[in-house]
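Undergrad: Supplied in C-alpha cells, the structure appears directly below.
Nothing in this text is a laboratory measurement; each read-out follows from the coordinates by a stated rule. Predicted model only: the values in this text are computed from it and were never measured. Positions of Cβ are generated from backbone atoms using ideal geometry, with glycine treated the same way; all protein chains shown enter the neighbour counts.
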Amino acid sequence: MYARFGGAEHKVESARGVISRAARESGDLRGKFLLAAGVTTAATLLRLAGPLVVRFGVDEGVTADDRGVVTWSAVAFFVLLSLQYVAGRAALRSVAGVGEQFLRRLRERVFRHMLSLDVGFFGRNKTGVLVSRMTSDVEALTKFVDEGAVQVITSVLMVTGVSVAMFIVDVRMALVILALLPFLLAASLVFRRYADRAYQRVREHIGQVLATVQEGISGVRVVQAYTQQTEQAEDFGQVNEKYYEANLAAARAISTYFPAVDLLRTTGLALILLVGGRRVLDGTLSFGSLFAFMLYLSWFFEPILNLSNVYNLMQAAIAALDKLFGLLDTETDVPAADDPSPMDSTEGRITMEAVRFGYDPAIPVIKRLDLEVAPGERVAVVGETGAGKSTVAKLAVRFHDPDDGRVKLDGVDLRCIDTDDLRQHIVLVPQEGFLFSGSLSDNLRYADPDLDDAALWEVCRQIGIADWVASLEDGIDTEVRERGSRLSSGERQLVALGRALVADPAVIVLDEATSNLDPEKEQAVEVALGTLLEGRTAIVIAHRLATADRADRVVVMADGEVVEVGPPSELVAAGGAYAELHRVWEASANGR
Ligand SMILES: Nc1ncnc2c1ncn2[C@@H]1O[C@H](COP(=O)(O)OP(=O)(O)OP(=O)(O)O)[C@@H](O)[C@H]1O
Ligand SMILES: [Mg+2]
C-alpha cells in the first residue's frame, strides 16, 4: 500500500553524473568553491608537516642531546598546529558557506518549480513524499555540506599526502604499512556494497514514514471519527518497522567495518614497532623517523575511517540531489505557450470543441463535449456524481489539457494564451475552497495584495459578509487558522467567493460545494453568488436546484457526455433527464 512512489520517479543518475550536474549548475559559486578547496589544501599541508618537525626534534634534539632544539621543535610544532587550527576553521566555514548558498538556491528552485507543475502531478504524488523532498532530502544535503564536504577533501588529501610523506621519510617502512592496504581495500569494498544497499533502503523508507505521518495528521478528523487510531497507528507501525530494519542493517554494516579498520591500524602499529624498532637497533632507521611513522600511521587510517563515515553522508546527499534534480526535470503537463497571443482584455467567450479527456488517456472521463458559453452567460452543469462535472471545470481553467479537441477563450486555444493572462481572465472557485493560514484579510486579498481597506470592505459588503466580519473580535484580521479550520464551511465558501470577487475575472468557473448549508447560510451564499456572477461569463457546476434553475442554460451530463442542453424551464417542461433530476431533488430535499 505504501510501496509505490508517484510520478516523481525517474532514471537514477550515476554519482558522477549528479556531481557534474551540480557543478554545472552552481554558476558563480564554482570560483568560491575552488577558493574554499584551496584553503582546505593549505590546512592539510600544514598538518602533514607536523611529523617532520617531530622527527627533527627527536633526532636533532633528543638523540643529539640538544635541549634548545627540543624546545624550539616543540614550539614550532605547536605553532604549526595553531596555524592548522586557523586554516582548518577557515576551510570548514568556507566550504560550508558555499554549500549552504548552493542549497538555498536549490530549495528555492525546487519549490518554485513544484508550484509550477500541473495539478495532476500533485494527484499522482503523495504530499508526504513531496514534503520529504524538501525536508529529509534537503537535510541530507545540508548534513553533507556542513560535515561531509570538508572531510572528503581533507581525507583524500591526507591519505595521498601521508603516503607521499611516508615514502619521503623511509621507503622500506612505507612499504610495510602499504602492505596493509589490500586488506583495507577489501574491507572497504565489502562495506560499501553492504552499506549502499542498507542506506538506499533507509532512504526509501523515510519517504514512506513521512507520507504515512502526513496522511494520518491531515486526516486526523476522519481517523478519530471512525476510531481508527489503532489501525492507523498499526499501518504506521509496519512502515516504521521497515525503516527500523533498514537502519539496523546500516548500523550492522558500520559496527562490523569500523572495528575491523581499527584492528588493521593496531596491526600496523605492531608492525612498525616490530620492523621499525629492530631497524632502530640495527642503526638503519633514526628514532625520529620511528616517531614520525607512528604519527603518520594514525593519520593514514584516520582519514580512511573518516571517508567511510562521510561516505554514507555522501551517498545520501547524492541520492537526494538526484531526486531533487529529477523533480526539477519533471515537466508540467500544461506547458506554457511558446509564443503566447497577447490578451489584455477579454470578451469572456468560452468554447469547448470536441473535447475528450481522461486522467488516464486510455479511460476517457469526458468522452465528447461541445459547448459554447457566450459572454456574460451563466451555464449550469448538472449530473450525477462522477459524471465528470468537476473535470469540465478543471478543463475550462486549463488545469489539464484535453486529449483531443480544444478549449478556447475568445476563440483562442487556452494552450496559446500566456498563463498569467489566462489566470487573470478565468478563475476557478473549487469545490473545496482552500483558505491559507493567516487572517481573513490576507485570504481575501490573495489575488490583489495591494487592495486598500475601503475596497476590501466594499467586497465584504457585496458578498454579504461585512456584518459578520465586523462582529468578530478581531474583525477582518481574524486568524482563519490552517485551511480555515476556525470557520464554518458556509463561512469558508463565502470567503472563497469574496476572494474570487477581488480577482475580478471575466470568466468564473465555480464548482459548487456539495455540503448542505442551513437555509439562512444558503440564502447568503445565493446572494453572494448573484453578486459575484453578475456580468461575468460563468460555468457553474451546480449541486443544488436553486443554482441550476437560476442559470441561463443547463447542461446535463451523464457518464462523460452531454445528454441535454437548454434553458432550465424548457428542460423541465420537456420532461427529459433534467426534469427527472428536478423531480428527485424536489422529493429529497424540498428543492434545496
Ligand atoms: N485526479 C483524478 N485522477 C483520476 N481519476 C479521477 C480524478 N478526478 C476524478 N476522477 C474520475 O473522473 C470521473 C469524474 O470525476 P469528477 O470529479 O469530474 O466528477 P463530478 O461529476 O464532479 O462528481 P461530483 O458530483 O461527485 O463532484 C470520476 O469517475 C472520477 O473517479
Ligand atoms: Mg465534483
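Undergrad: Would you mind getting me the FRET efficiency between residue 42 and residue 264? Use the beta-carbon distance for r and R0 = 35 Å, nearest 0.05.
TA: Approximately 0.75, to the nearest 0.05.
Undergrad: Residue by residue through region 373-381, what is 3J(HN,Hα) from phi via Karplus (6.51 cos²θ - 1.76 cosθ + 1.60, θ = phi - 60°)? Round to whole Hz and write x for glycine and proline.
TA: Whole-Hz 3J(HN,Hα) from phi for region 373-381: 10, 6, x, x, 7, 10, 10, 9, 10.
Undergrad: If neighbour count is taken as other Cβ atoms inside 10 Å, put 367, 408 in order from fewest to most.
TA: Listed from fewest to most nearby Cβ atoms, that is 367, 408.
Undergrad: Mind ranking 123-134, 421-432 by how tightly packed they are, going by the mean number of other C-beta atoms within 10 angstrom, highest first?
TA: Details: 123-134: 18.2, 421-432: 19.9.
Peptide ranking by packing, descending: 421-432, 123-134.
Undergrad: Fewest to most neighbouring Cβ within 10 Å: what's the order for 289, 298, 439? Numbers along the way, then the final one.
TA: On the way: 289 23, 298 12, 439 16.
Going from sparsest to densest Cβ surroundings: 298, 439, 289.
Undergrad: Do you know the relative contact order of the chain, to the nearest whole percent, from alpha carbon pairs under 8 angstrom that are 6+ apart?
TA: Reported as a whole number, the value is 14 percent.
Undergrad: Give the calculated FRET efficiency between residue 93 and residue 164 to the nearest 0.05, with a Förster radius of 25 Å applied to their Cβ-Cβ distance.
TA: Efficiency at R0 = 25 Å is approximately 0.35.
Undergrad: Here is a follow-up. Which FRET efficiency, nearest 0.05, do residue 127 and residue 192 yield, Cβ-Cβ r, R0 56 Å?
TA: Working: r = 34 Å, r/R0 = 0.61.
It comes to 0.95.
Undergrad: A further question follows. Once both labels are modelled 7 Å past Cα along the beta-carbon direction, what's the residue 583-residue 273 spacing in nm?
TA: 10.2 nm
Undergrad: For residue 455 paired with residue 16, estimate the spin-label separation in nm (one decimal), with each label point 7 Å from Cα along the Cα-to-Cβ line.
TA: 5.8 nm
Undergrad: At 7 Å along the Cα-to-beta-carbon direction for both residue 65 and residue 404, put a label point, then send me their distance in nm to one decimal.
TA: The two pseudo-label positions are separated by 10.6 nm.
Undergrad: For region 350-589, what proportion of DSSP beta bridges, expressed in % and rounded to the nearest 5, is antiparallel?
TA: DSSP beta bridges in region 350-589 are roughly 50 percent antiparallel.
Undergrad: Considering only DSSP beta bridges where both residues belong to the chain, give the percentage that are antiparallel (nearest 5).
TA: Just about 50 percent of them are antiparallel.
Undergrad: Sort 228-235, 491-498, 95-102 for me by packing, meaning the mean count of neighbouring Cβ atoms within 10 Å per residue, highest on top.
TA: 491-498, 95-102, 228-235
Undergrad: What is the extension gain from residue 466 to residue 341, computed as 0.36 nm multiplied by their sequence separation minus the C-alpha to C-alpha distance, in nm to one decimal?
TA: Taking 0.36 nm per residue and subtracting the Cα distance, the gain is 41.0 nm.
Undergrad: Still on this structure, I have one more. Among 21, 378, which comes first, second and so on when ranked by fewest other beta-carbon atoms within 10 Å?
TA: 21, 378
Undergrad: Moving to a separate point now. How long is the gain from residue 477 to residue 241 if the chain were fully straight, where each residue apart is worth 0.36 nm and the alpha carbon distance is subtracted?
TA: Using 0.36 nm per residue and subtracting the Cα-Cα distance, I get 80.4 nm.
Undergrad: Give me the number: length gained by fully extending residue 24 to residue 108, i.e. 0.36 nm times residue separation minus the C-alpha to C-alpha distance, one decimal in nm.
TA: Answer, rounded to one decimal: 28.5 nm.
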